[in-house]
Amino acid sequence: MCKLNSILETLEFLILLGYYYFEAFILLICPPCKKNVAGEIVLITGAANGIGRQIALNFARLGATLVFWDIDEEGNKETTKLAKENGAKGVYAYRCDCSNREEVYRVADQVKKEVGDVSILINNAGIVTGKKFIDCPDSLVEKTMEVNTMAHFWTYKAFLPAMMASNHGHLVSIASSAGLIGVSGLADYCASKFAAVGFAEAVGLEMLALGKTGIKTTIVCPYFINTGMFDGCKTKWPCLLPILDSDYAAEKIVSAIQREQVLLMMPRSLYLLCFLKSILPVKMGILIGDYIGAFHFMDHFRGRVKKD
């Protein structure tokens, strides 16, 4: 009997494996319809500028209620103004240091009282030191992990219970291609983004294991985006790894959320590079990395220059 069950289980596994492969092929040709996000409460961390602002403007045009978190209050005000100009009806901006657990919980309670339960959580806030690991002060290493990784733990703790209660919600992690492939000069940043990717993936699996199929996850892993965060970084082969336009990146991210895409890499060449990394000998991977300029991406890094 036990042997028969094993055979039946294996047969079911193989049938489903083939079905899901065929399904993925069909969806590649005919992407699923975009879900309606009108009326959803969308919280975006790091909304004051950069890709966070661009994502906010895209959601503003779709009729979502928007909640902005950032430590840059002036930038938040500007994003709020632009969101309203782009058709947003409900916009709420809060000052919140996402690396501070107590502050995240306090402001989250405020959002629940003043706006309602967040149904789409977009963890976008991030920082980059741009220093070689040995030259990076301990305080900056800790801050990188607190903002890029630990903040996700606190926002999930704050908003996931309500999503689980209603079996409805969407968790979005704006990670990085540096969360999939190590990059010279970005040791602390890579560590934080690898952690963010693993955390988001694991929580997504937990939701499935608990039967919370109404809670979706999207992990976004882009190459450099021209928001200013990585100003000065160079790409050796722009035809293979172009620096992404922020409007294009935001549109692709929002589209991936609407289509409930689990993983989004930009540009598409990253799918090939990650595949090669997983199957090639290490020395061949290093050779490819050197060829595409990965050892020198950060040589001329300036980052976002603050205006006086």
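The values are calculated or read from the model by the stated rules, or taken from the named source; none is laboratory data. This is a predicted model, so every value here is computed, not measured. Because the Cβ atoms are built from the backbone with ideal geometry, glycine has one as well, and the counts that use them run over all protein chains shown.
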- Working carefully through the options ALA196, ALA162, find the one that is surrounded by fewer than 18 Cβ atoms within 10 Å (Cβ to Cβ), at pLDDT 95 or above and among the aliphatic types (A, V, I, L, M). ALA162
- Message: When you scan the stretch 217-227, do you find a residue that is touching a Gly at 6+ places or on another chain (Cβ under 7 Å) and either more than 25 Å from LYS157 (Cβ to Cβ) or in a helix (DSSP H, G or I) (or both), even just one?
- Response: yes
- Note on the structure: When restricted to LYS212, LYS193, the only residue within 21 Å of SER99 (Cα to Cα) and either among the basic types (Lys, Arg) or in contact with a strand residue (DSSP E or B) (Cβ under 7 Å, 6 or more places away or on another chain) (or both) is LYS193
- Would the stretch 137-159 turn up any residue that is basic (Lys, Arg) and buried (at least 16 other Cβ atoms within 10 Å of the Cβ)? yes
- What about LEU160, is it part of a helix (DSSP H, G or I), within 20 Å of the chain's Cα centre (by Cα) and of a type in the set (A, V, I, L, M, F, W, C)? yes
- Task: Would you point out which residue out of GLY232, GLY214, GLY182, GLY204 is free of Cβ contacts under 8 Å to residues at least 60 places away in the same chain, closer than 27 Å to GLY289 by Cα and not hydrophobic (A, V, I, L, M, F, W, C)?
- Result: GLY182
- Query: Given (1) hydrophobic (A, V, I, L, M, F, W, C); (2) outside any helix (DSSP H, G or I); (3) in contact (Cβ under 8 Å) with a residue 24 or more places away in the chain; (4) surrounded by fewer than 19 Cβ atoms within 10 Å (Cβ to Cβ), where does LEU264 come up short, assuming only one miss?
  - Reply: (4)
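The rows are residues; the columns are (1) more than 19 Å from the chain's Cα centre (by Cα); (2) at pLDDT below 95; (3) part of a loop (DSSP other than H, G, I, E, B).
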| position | (1), (2), (3) |
| --- | --- |
| MET229 | no, yes, yes |
| TRP237 | yes, yes, yes |
| LEU240 | yes, yes, yes |
| ILE257 | no, no, no |
- Item | All positions within the stretch 172-207 that are closer than 18 Å to SER269 by Cα, assigned to a helix (DSSP H, G or I) and within 11 Å of the chain's Cα centre (by Cα) | SER177, GLY179
- Of everything in the stretch 241-258 that's buried (at least 16 other Cβ atoms within 10 Å of the Cβ) and touching a residue at least 40 places away in the same chain (Cβ under 8 Å), which residue is nearest to GLY303 (Cα to Cα)? SER246
- Message: Filter the stretch 170-185 down to the residues that are surrounded by fewer than 20 Cβ atoms within 10 Å (Cβ to Cβ) and among the hydroxyl-bearing types (Ser, Thr, Tyr) and list them by number.
- Response: SER184
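Does VAL128 fit the bill of being in contact (Cβ under 8 Å) with a residue 40 or more places away in the chain and not in a helix (DSSP H, G or I)? Spell out the reasoning first.
Values: in contact (Cβ under 8 Å) with a residue 40 or more places away in the chain: yes; not in a helix (DSSP H, G or I): yes.
Yes: the conditions hold for VAL128.
Being in a helix (DSSP H, G or I) and under 30 Å from VAL128 (Cα atoms), is that true of even one residue in the stretch 31-50?
Here is the first cut: in the stretch 31-50, the residues in a helix (DSSP H, G or I) are 50.
Subset that is under 30 Å from VAL128 (Cα atoms): 50.
Taking every residue of the stretch 31-50 in turn, at least one turns out to be in a helix (DSSP H, G or I) and under 30 Å from VAL128 (Cα atoms).
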- Test result for HIS152, part of a strand (DSSP E or B) and more than 14 Å from CYS221 (Cα to Cα): no
- Item | Residues of the stretch 95-119 that turn out to be surrounded by 20 or more Cβ atoms within 10 Å (Cβ to Cβ) and not in a helix (DSSP H, G or I), as a count | 5
- Among residues of the stretch 51-67, those that are more than 16 Å from the chain's Cα centre (by Cα) and either in a helix (DSSP H, G or I) or buried (at least 24 other Cβ atoms within 10 Å of the Cβ) (or both), counted: 5
- Message: Tell me the residue from ILE7, ILE15, ILE41, ILE26 that is in contact (Cβ under 8 Å) with a residue 60 or more places away in the chain and either more than 24 Å from LEU160 (Cβ to Cβ) or of a type in the set (A, V, I, L, M) (or both), please.
- Response: ILE41
